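The values are calculated or read from the model by the stated rules, or taken from the named source; none is laboratory data. Note that this is a predicted model, so its numbers are computed, not measured. Every residue, glycine among them, receives a Cβ derived from its backbone with ideal geometry; neighbour counts consider all protein chains shown. What goes into the accessible areas is simple: the full protein's heavy atoms, side chains included, and nothing from ligands, DNA or RNA. Shrake-Rupley method; radii C 1.70, N 1.55, O 1.52, S 1.80 Å.
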Amino acid sequence: MTSPEGNLVGIDLGTTMSVVAHVDSSGRATTLTNREGDPLTPSVVYLDGNEAIVGKSAKAAAAHHPDKVASLFKRSMGAVLHGRMVDGRSLRPETLSAIVLRKLRNDAERRIGPISKAVITVPAFFDDARRRATEIAGRIAGLDVLEIVNEPTAAGLAYCLQDRFASPGAASRFLGPGQSFTGLVYDLGGGTFDVTVVRLSDRGFETVATDGEVQLGGKDWDDVIVDYIARQFREQYKIDPRTDASWRDAIGGLAESTKMLLSQLSSAPLETSYNNHVVKTMLTRKTFEESSRDLLTRTRFVTRLVASEQAKLGWEQIDKVLLVGGSTRMPMVRQMLADATGKEPDDSLDPDQVVAHGAALYATLLGAQAGIKELPLDDDVRRRLCHVEVVDVNSHSLGVAVTDRRTGQKLNHIMIPKNSPLPVAASKVFVLPKAGQKQVRISVLEGEAPEAAANITVGDCLVRDLPDDLPASSPIQVRLSFGCNGRVNVMALDMSSGKLVQTDLEQKRTLTDAEIQQEAEFVDGLKIH
Ligand code: AMP
């Protein structure tokens with residue numbers, strides 16, 4: 001059954017893999033397989049003129065045509081350009097992501113008919129610029145982005161809601177009547193890492209605390225194997241192939257498949273050649289685990305930080321440790337979590353698909369709550385979805401740059417501390433430095449560092465068109481807020497007249513509507529396979 005407004009889907013736009021899912025009439029989230037019949041689509045784009053290939057074939061082409069292939073562009077979201085040229089062109093990370101989204105959409109439409117609206121997931125730790133870039137990628141792909149939601153929040157939703165709505169009358173997989181459930185979501189994907197504490201109670205679903213690293217994921221474990229191979233070349237032949245970028249491109253696939261083998265076997269064969277020199281060896285899981293121990297320790301540190309310091313919970317207060325992301329298949333991850341928490345981690349939902357499933361459930365929940373009548377849902381499921389309230393938190397503190405009168409140093413004045421339930425707003429009164437001043441510029445910051453320069457600048461808030469002849473020291477109230485999607489908004493009030501003042505949040509790296517249109521035309525002009 002198709003809604004006249006188009007179907008709603010949830011999309012996990014991953015660093016290495018992407019997944020699209022929808023919710024069927026019984027309330028169960030299901031993955032929509034791509035045209036090749038696979039549930040996961042590698043987030044890799046091969047470009048040749050006006051032809052684009054997305055997915056498995058593009059990934060395979062990376063070894064032979066690295067100059068035509070773009071991958072890992074999620075890591076450059078928020079920057080102006082993807083770091084490498086693709087088919088002789090400099091492309092924006094938003095545009096490359098939009099090509100992936102278009103492929104997912106095209107293939108999913110073959111299964112369920114027209115798709116218009118989507119919830120897209122992002123790592124909880126994404127800042128405003130990266131969230132904005134993701135939303136723009138959706139627009140370039142022609143999708144109405146209902147909401148941007150944090151990956152661990154989506155995963156937590158899937159764990160908590162999947163069975164609850166799929167079988168009317170049944171409790172969720174963990175929740176009995178009147179009970180609450182607290183879960184710790186450990187999400188280690190291809191390029192990012194998040195830990196989030198979630199709670200489901202009769203009132204709804206809330207995120208309690210979240211933290212992570214934007215630049216830590218399975219790719220770093222692959223690099224450990226790349227370094228291991230390079231060391232063999234150095235020791236045996238006194239050459240270091242890592243200085244050759246094309247070697248690095250070619251070896252990535254071997255490193256990843258060896259890593260995956262080591263998730264199942266205690267040792268894996270490695271055979272590769274460079275400049276007529278051959279390295280043939282066995283890599284044991286023990287050596288791999290020892291060489292990557294510092295990466296695992298980083299995740300252990302964040303896990304403890306989020307549970308005990310941010311959520312202020314002991315391990316006995318956490319009911320389940322939930323595994324999300326393909327990299328949690330590495331035995332060392334489960335072992336570390338079992339040692340650290342004293343609990344056997346739960347992977348009863350597929351760690352690769354659970355985020356997209358949660359996003360699909362969230363899209364449907366938003367659709368039901370917005371009263372989209374044509375949603376193909378059973379009445380009972382619709383009624384139950386309407387009663388779930390979802391509350392997320394902000395992953396970064398939000399503040400403004402202020403000057404310390406004594407030292408002249410620029411400091412970060414935090415107005416909204418991290419892990420505040422969303423939506424949230426806070427105000428600060430500034431005084432006009434000079435009489436007759438028509439505008440004030442305030443730097444808006446994301447981060448916790450005391451020094452302003454050590455944080456991420458969201459943008460400059462320009463309070464302009466102030467009334468004429470305002471005396472010096474006139475009070476201007478600036479209100480910062482985070483929406484439910486973690487996006488930042490600014491408003492200002494001239495307290496002398498009680499009127500709202502025109503305020504712009506000037507963000508250097510954002511695309512204008514005209515630029516979005518231009519990128520959409522470029523993507524429309526591509527034949528995407
Ligand atoms: P995701 O972003 O959640 O799709 O996770 C992708 C990451 O999971 C990639 O770095 C994969 O190499 C990694 N991955 C998938 N399966 C395995 C496995 N069996 N063992 C180790 N890593 C895996």
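Details
- Candidate set: region 16-30, residues that are surrounded by fewer than 22 Cβ atoms within 10 Å (Cβ to Cβ) and not small (G, A, S); chosen: the one nearest to the ligand (Cβ to nearest atom): T30
- Flag for G399 being at pLDDT 85 or above, buried (at least 18 other Cβ atoms within 10 Å of the Cβ) and not acidic (D, E): yes
- Sole exception among (1) loosely packed, with under 14 Cβ neighbours inside 10 Å; (2) in contact (Cβ under 8 Å) with a residue 12 or more places away in the chain; (3) outside the structural domain of L161 (by TED's automatic domain parsing) for D380, by number: (3)
- Residue check, A520 open to solvent by less than 70 Å² (accessible area, probe 1.4 Å) and either among the small types (G, A, S) or in a loop (DSSP other than H, G, I, E, B) (or both): yes
- Residues satisfying the stated conditions in region 56-65, i.e. at pLDDT below 90 and open to solvent by less than 30 Å² (accessible area, probe 1.4 Å): A61, A62
- Residue in region 33-43 that is assigned by TED's automatic domain parsing to the domain that holds T134, out of contact with any strand residue (DSSP E or B) (no Cβ under 7 Å at 6 or more places or on another chain), of a type in the set (K, R) and in contact (Cβ under 8 Å) with a residue 40 or more places away in the chain present: yes
- Among the residues of region 180-204, those that are in a strand (DSSP E or B) and within 16 Å of the ligand (Cβ to nearest atom) comprise V185, Y186, D187, L188, F193, D194, V195, T196.
- Residue satisfying all of: in region 262-283; open to solvent by 90 Å² or more (accessible area, probe 1.4 Å) and not polar (S, T, N, Q); farthest from the chain's Cα centre (by Cα) among these: K280
- Region 494-514 - residue that is part of a loop (DSSP other than H, G, I, E, B) and in contact (Cβ under 8 Å) with a residue 60 or more places away in the chain and, of those, least open to solvent (accessible area, probe 1.4 Å): L511
- Test: D48 is within 16 Å of the ligand (Cβ to nearest atom) and either surrounded by fewer than 23 Cβ atoms within 10 Å (Cβ to Cβ) or among the small types (G, A, S) (or both): no
- Criterion applied to K312, K286, K280 was being over 19 Å from G191 (Cα atoms) and not assigned by TED's automatic domain parsing to the domain that holds E235, and the one residue passing it is K312.
- Residue within region 452-471 that is in a strand (DSSP E or B), open to solvent by 60 Å² or more (accessible area, probe 1.4 Å) and of a type in the set (S, T, Y) present: yes
- Only one entry in K259, K286 is of a type outside the set (A, V, I, L, M, F, W, C), open to solvent by 80 Å² or more (accessible area, probe 1.4 Å) and in a helix (DSSP H, G or I), namely K286.
- Single unsatisfied condition, L161 versus (1) at pLDDT below 90; (2) outside the structural domain of A118 (by TED's automatic domain parsing): (2)
- When E506, E521, E451, E446 are checked against the criterion of being within 34 Å of the chain's Cα centre (by Cα) and in the same structural domain as R132 (by TED's automatic domain parsing), a single residue qualifies: E521.
- The one condition in (1) touching a Ser or Thr at 6+ places or on another chain (Cβ under 6 Å); (2) more than 24 Å from L505 (Cβ to Cβ) that L385 fails to fulfil: (1)
- When residues of region 205-226 are limited to those that are touching a residue at least 60 places away in the same chain (Cβ under 8 Å) and closer than 14 Å to E256 by Cβ, the one nearest to the ligand (Cβ to nearest atom): G218
- Being more than 22 Å from the chain's Cα centre (by Cα), within 15 Å of the ligand (Cβ to nearest atom) and open to solvent by 10 Å² or more (accessible area, probe 1.4 Å) holds for only one residue in Q353, Q369, Q335, Q317, and it is Q335.
- Criterion: open to solvent by 10 Å² or more (accessible area, probe 1.4 Å) and over 16 Å from V523 (Cα atoms) - qualifying residue of P123, P114: P114
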